[in-house]
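The values are calculated or read from the model by the stated rules, or taken from the named source; none is laboratory data. These numbers were taken from a predicted model, which means no experiment stands behind them. For neighbour counting, all protein chains shown are included, and Cβ atoms are generated from backbone atoms with ideal geometry for every residue, glycine included.
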């Protein structure tokens with residue numbers, strides 16, 4: 001809404017109170033939660049049924065936050081904008097976690113792939129989602145599980161997004177730090193290499209890389225994704 005106000009499309013009421021500190025500065029670790037860490041070393045077929053649960057704003061969200069904090073190399077950060085959190089369970093044991101959020105406003109490789117104008121991007125960006133975290137806990141050793149669950153997750157993602165936010169999503173994207181990972185499970189699940197980041201970040205003022213370059217991968221969530229994203233109301 002602030003962006004619309006600054007662009008002159010709407011007028012917001014005067015600010016009544018200004019915050020003196022950014023609430024995101026206070027990033028305390030999630031409290032520990034007891035989790036079943038029994039090792040699972042089996043085949044995908046023998047693992048049995050795996051069920052997905054959307055856990056944001058549910059009692060299971062605390063477990064999600066703790067596992068991301070303790071198991072993912074990037075840790076847990078509070079998402080911004082629209083976001084959903086999923087846990088995949090084999091029986092009662094979590095075997096995979098997914099975090100999805102609103103997509104970055106500017107992402108060159110994605111924007112060139114879609115081929116939209118600035119105006120089309122501003123109107124259609126809420127139909128693009130960003131996979132901020134994907135975690136298979138360290139005690140889960142099941143070959144091909146990561147790509148299998150990723151493919152299942154993306155097939156149900158648009159419907160789940162519409163349940164919560166009232167609109168579909170047509171395209172998914174993520175970053176892969178190739179100094180740590182190859183993104184094999186994404187490529188096996190048919191994600192497309194779109195390009196590479198500049199390494200400068202969204203607040204860059206120097207024009208020089210100051211962080212690790214990352215591969216940008218994307219996945220159309222429906223065949224007519226480009227037609228849907230290029231629509232102008």
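Tell me, yes or no, whether region 57-73 has at least one residue that is in contact with a helix residue (DSSP H, G or I) (Cβ under 8 Å, 6 or more places away or on another chain) and within 21 Å of residue 181 (Cα to Cα).
No, every residue in region 57-73 fails to be in contact with a helix residue (DSSP H, G or I) (Cβ under 8 Å, 6 or more places away or on another chain) and within 21 Å of residue 181 (Cα to Cα).
Need pairs with beta-carbon distance below 8 Å; first residue farther than 19 Å from residue 175 by Cβ and within region 92-120, second in a strand (DSSP E or B); sequence gap 6+ or separate chains.
Listed by first residue and then by second, the contacts come to 93/40; 94/87; 94/88; 95/40; 95/50; 95/88; 95/89; 95/140.
Only residues that are surrounded by fewer than 14 Cβ atoms within 10 Å (Cβ to Cβ) and not in a helix (DSSP H, G or I): list them for region 117-132, please.
117
Among the residues of region 156-184 satisfying the criterion of being free of Cβ contacts under 8 Å to residues at least 40 places away in the same chain and under 15 Å from the mean Cα position of the chain (by Cα), which is surrounded by the most Cβ atoms within 10 Å (Cβ to Cβ)?
Out of the qualifying residues, it is 183.
Here's a check for you: in region 32-46, which residue that is touching a helix residue (DSSP H, G or I) at 6+ places or on another chain (Cβ under 7 Å) and in a loop (DSSP other than H, G, I, E, B) is surrounded by the fewest Cβ atoms within 10 Å (Cβ to Cβ)?
32
Output the number of residues of region 94-116 satisfying the condition of being touching a strand residue (DSSP E or B) at 6+ places or on another chain (Cβ under 8 Å) and surrounded by fewer than 17 Cβ atoms within 10 Å (Cβ to Cβ).
To start, the set of residues in region 94-116 that are touching a strand residue (DSSP E or B) at 6+ places or on another chain (Cβ under 8 Å) comprises 94-104, 107-110, 112-114.
Within this subset, residues satisfying the condition of being surrounded by fewer than 17 Cβ atoms within 10 Å (Cβ to Cβ) are 104, 108, 112.
Here the count works out to 3.
Before we move on, is residue 71 over 18 Å from residue 149 (Cβ atoms), in contact with a strand residue (DSSP E or B) (Cβ under 9 Å, 6 or more places away or on another chain) and modelled with pLDDT of 95 or more?
On the way: over 18 Å from residue 149 (Cβ atoms): no; in contact with a strand residue (DSSP E or B) (Cβ under 9 Å, 6 or more places away or on another chain): yes; modelled with pLDDT of 95 or more: yes.
No; evaluated as a whole, the condition is false for this residue.
Name the pairs: first residue in region 30-41 and touching a residue at least 24 places away in the same chain (Cβ under 8 Å) and on the phi < 0 side of the Ramachandran plot, second residue in a loop (DSSP other than H, G, I, E, B) and surrounded by 10 or more Cβ atoms within 10 Å (Cβ to Cβ), Cβ to Cβ under 6 Å, at least 6 apart or on different chains?
Here the result reads 30/76; 37/139; 39/139, each pair linking region 30-41 to a residue that is in a loop (DSSP other than H, G, I, E, B) and surrounded by 10 or more Cβ atoms within 10 Å (Cβ to Cβ).
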